[in-house]
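The values are calculated or read from the model by the stated rules, or taken from the named source; none is laboratory data. The shown structure was predicted, so the numbers you read here are calculated from the model rather than taken from an experiment. As a convention, Cβ positions derive from the backbone with ideal geometry for all residues, glycine included, and neighbour counts pool all protein chains shown.
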C-alpha cells in the first residue's frame, strides 16, 4: 500500500487496468452523537455484480464503466436512509484536474485556499420505494501537509490518500422516509475524508482489511490492519486535532475475540494498538452493516497515555472487508437487492418500503 496525505492529489487517477477501482470516502458524527453518515463516490464499484461478472467472464471491463455512490444516514445505531446506486458513465464526471466528482445528481467538490481545505457534498435522489434525500454538507479543516515521511510509501499497489483526518462538518440533511415521515437535520459534527485507489481487484492484493477512525479531544486515531497475500501491513497513527503532525505511531497491533457472523465471516471484535508511550483498545460495539464480504461497526475506542495522565474514550466508525467473498455468486442475489443500476428497472425488493429496509 502507498500511504500519503496530499489534498492536491485528491483527483481522478489514471486507471488503465480492468478490475481497478477508486473511491472518495466521507463520514461524520454529530456533536450530540445522534446522527452519523457515510457517503462514498466510486469509479469502478468493487461490489458491483455487473462489474465482477464481466471480470469473471474475461470481458476486461474498465473502472470508468461502473461508477456508483453509496449513502447511509444513521440515527443513533439504526439506519434511517440507505442507497447504493450504479450509474451510466455518461451521467458521471471524475476530474483529473481538481477534486470534482459528479455521480448522477450527486456532487462532491473540494477547494484548497488560505491554509484551509473545504469540501462541499450535495446529495439529491429519490429511490424506487419513495424514500428521498436532499443534503448539502461542508467538510472544513486545516490543510494536511507532510504527515508521512517520503509520502509514506511502503509498497506498490493500493494507494491511500489521507486527505482530511479531521474536519468540522456542517450542513442540512432532509429525508423523506418510512410512512412519509420527514426528517430535517441541521448537522454539526466531526468528520473524516480519504481517497483510495487500486489498479487490480482487491482480492489480488490482500486477504482482508480492518480500518477505522476515532476523534478524541487529544487527537484523531486512524488505523488499518491489512492482511496481504504474503505479508501483513498493520499501521495506526494518532494525529493532532489540526491535522498538522503525527503524535503517535502505533507499531504493535493485534486483533482478538474473533467470532463467526451470520454469513460465515470470522471477524475480530477487539483491536489493540500500542506505541512506546500510548495504548488504544478498539471495541466493535454495534454492527451497522452486516454482509457476506463487508461489515461496518459503530465502535468504542479507549486511549491511554500514562506519562500525560491521559485517559479518553471516543465513538467512531470502523469497517472490515474480505474481498474474495465478493466473487462468490451464491451471495449475488442479495447484493442485487441492495445495489440499484439506474439504467434498468429496479429490483422488486427495491420498490417495496418494507422489504428494501430489510436489506439494510
On the given criteria, is residue 285 within 20 Å of residue 272 (Cβ to Cβ), in contact with a strand residue (DSSP E or B) (Cβ under 9 Å, 6 or more places away or on another chain) and not assigned by TED's automatic domain parsing to the domain that holds residue 32?
yes
Answer yes or no: is there a residue in the range 113-126 that is touching a helix residue (DSSP H, G or I) at 6+ places or on another chain (Cβ under 9 Å) and surrounded by fewer than 18 Cβ atoms within 10 Å (Cβ to Cβ).
no
So if I check each of 320, 302, which one is farther than 18 Å from residue 3 by Cβ and surrounded by 17 or more Cβ atoms within 10 Å (Cβ to Cβ)?
320
Mind listing just one residue for me: the one in the range 251-301 that is more than 29 Å from residue 219 (Cβ to Cβ) and part of a strand (DSSP E or B) and, of those, nearest to the chain's Cα centre (by Cα)?
290
Return a yes/no flag: does the range 34-49 have any residue that is touching a residue at least 24 places away in the same chain (Cβ under 8 Å) and farther than 27 Å from residue 167 by Cβ.
yes
Could you list, in sequence order, the residues of the range 61-85 that are out of contact with any helix residue (DSSP H, G or I) (no Cβ under 7 Å at 6 or more places or on another chain) and either under 30 Å from residue 199 (Cβ atoms) or not in a strand (DSSP E or B) (or both)?
62, 63, 68, 69, 70, 71, 72, 76, 77, 82, 83, 85
I'd like the residue in the range 175-203 that is in a strand (DSSP E or B) and without any contact (Cβ under 8 Å) to a residue 40 or more places away in the chain and, out of all such residues, is farthest from residue 304 (Cα to Cα).
182
What tally of residues in the range 204-233 results from selecting those that are crowded, with 19+ Cβ neighbours inside 10 Å and either free of Cβ contacts under 8 Å to residues at least 60 places away in the same chain or in contact with a helix residue (DSSP H, G or I) (Cβ under 9 Å, 6 or more places away or on another chain) (or both)?
8
Let me spell it out: the conditions are (1) free of Cβ contacts under 8 Å to residues at least 40 places away in the same chain; (2) in the same structural domain as residue 92 (by TED's automatic domain parsing), and residue 311 meets all of them except one. Which number is the exception?
(2)
